[in-house]
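Here is the structure we will look at, set down as structure tokens.
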Amino acid sequence: MKKIFAKIKAISSYLPPTVEKNIDVAEPRLNKKIGVIERHVSLKNESAGDLAFAAAEKLFAEYEIDRQETDFILLCVQHPDYQMPHTSAHLQFRLGLPQTVGTMDISHGCAGYIYGLATAKGLIEAGLAKKILFLTSSVYLKYINVKDKANRPLFGDGATATWIEGVEDEKESLSAFVFGTDGEKFDKLIIPVGGSKFMPRDTEEIFKTDENKNYYSNYEVYMDGMAIAYFTLREVPPLIENILSKANLTREDLDYCIFHQANKFMLEHLREKADLENIPYHNDISLTGNIVSGSVPLAIEQVIKSVDVKNLKKVLLTGFGVGLSWAGCIADLSEMFSAKGEVNEEK
């Protein structure tokens, strides 16, 4: 019996034109290890909402999607344009969408794309929405000191736009969702000042330098790299096992693995530890850096340019990081649009 299921139909990305090369920021040895040559940097007056707007406009143009069919905007963002209102509300107006559109910001980081997919799936399959514009936007570099030689080389700014539709089918397209959180370690990746806990007007800015060459203030990103690495290697392999078990799949059933693009070194170790060496596996942030919640959709966009989407029926997606949080699912990407709104035909 056929039902309405949420399906990813198209993805576009927007990267700011300004480029920062790691040769000017980090040691060559570090560049080789993390696999990042250069990253895109948002301008001083360019906000997370601006990047998301550009990604959405690119999506509508590339796939000739009728924007007026949008009935919900989801925006995954950690640095919204304003403390209030939510940035997705302003994007409804900027994008010229009808006032019947629902809007919601999701405050999440590296696992945020999976959380957003789950939210979109819930809205569509509960009959609350039909066509969702799911945006991610990251402007981390605004919050990383230019002299931070440990963290700045890792991250880049960028936004993505994903078009998700409710389609009548016999089986789920997004399935086997697994989530996890270790909130005890919330301070291992954090910007201490800026929320209601420590407000800027009441908190002096203090600069520090640690043993890992992190130069930062309490107004900027602090990351305990070793703690994040241990967390990732500890939690992600069991996450993969749980997803496969929930989906009743084996590794050999997978068509592709697309993980949060943290860095080359970490992904290589994860692939080995999770026993995924024989599965097609994306690992490339050489020209973008880690764009946080946008890393998974950006990777999907890169993969479908070189792989026939008809062969992407069982794709393992995972995200992990700030929170500390992790999440994953199985996605069927075989019915994604090709450019100009036409469904990919079998080759």
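Annotations for the structure displayed:
- Exposed loop sites were defined as chymotrypsin sites (Phe, Trp or Tyr not before Pro) in DSSP loop states (anything but H, G, I, E or B) carrying at most 15 other C-beta atoms within 10 Å; in the chain the longest segment without such a site runs 199-347.
- Paramagnetic reach from GLU241 in segment 152-180 [backbone N under 20 Å; point 7 Å along Cα→Cβ]: 176-180
- Applying 1/(1 + (r/R0)^6) with r as the Cβ-Cβ distance of ALA227 and SER196 and R0 = 30 angstrom yields a FRET efficiency of 0.75.
- For the residue pairs LYS130/LYS171; LYS58/LYS171; LYS21/LYS213; LYS149/LYS305; LYS33/LYS58; LYS3/LYS313, the C-alpha atoms sit more than 23 angstrom apart in LYS58/LYS171; LYS149/LYS305; LYS33/LYS58.
- Per residue, in Å², the accessible surface of segment 1-108 once ligands and nucleic acids are set aside, probe 1.4 Å: 52 Å²
- Of the GluC sites (Glu not before Pro) in segment 26-114, the ones in a loop by DSSP (not H, G, I, E or B) with at most 14 other beta carbons within 10 Å are GLU64.
- Beta bridges from DSSP with both residues in the chain: antiparallel share about 70 percent, rounded to the nearest 5.
- Cα centroids of segment 211-273 and segment 291-330: 12 Å apart.
- Rg/Rh ratio calculated on Cα atoms of segment 138-246 (Kirkwood radius): 1.09
- Only aspartates and glutamates eight or more places from LYS246 in sequence, or on another chain, were considered; those with a Cα closer than 14 Å are GLU172.
- Sulfur and carbon atoms: percent of accessible area, the chain [1.4 Å]: 52 percent
- Ligands, DNA and RNA are left out, and with a 1.4 angstrom probe the accessible area of segment 241-343 is 38 Å² per residue.
- Relative contact order of segment 150-242, defined on C-alpha pairs under 8 angstrom at six or more residues apart (%): 28 percent
- Note that the chain shows a convex hull volume over its alpha carbon atoms of 138 Å³ per residue.
The values are calculated or read from the model by the stated rules, or taken from the named source; none is laboratory data. The model shown is predicted, which means the values in this text are computed figures rather than measured ones. So basically every Cβ, Gly included, is an ideal-geometry build from the backbone, and we count neighbours across all protein chains shown. In case anyone asks, the SASA skips ligands and DNA or RNA and just uses the protein heavy atoms, side chains included. Shrake-Rupley method; radii C 1.70, N 1.55, O 1.52, S 1.80 Å.
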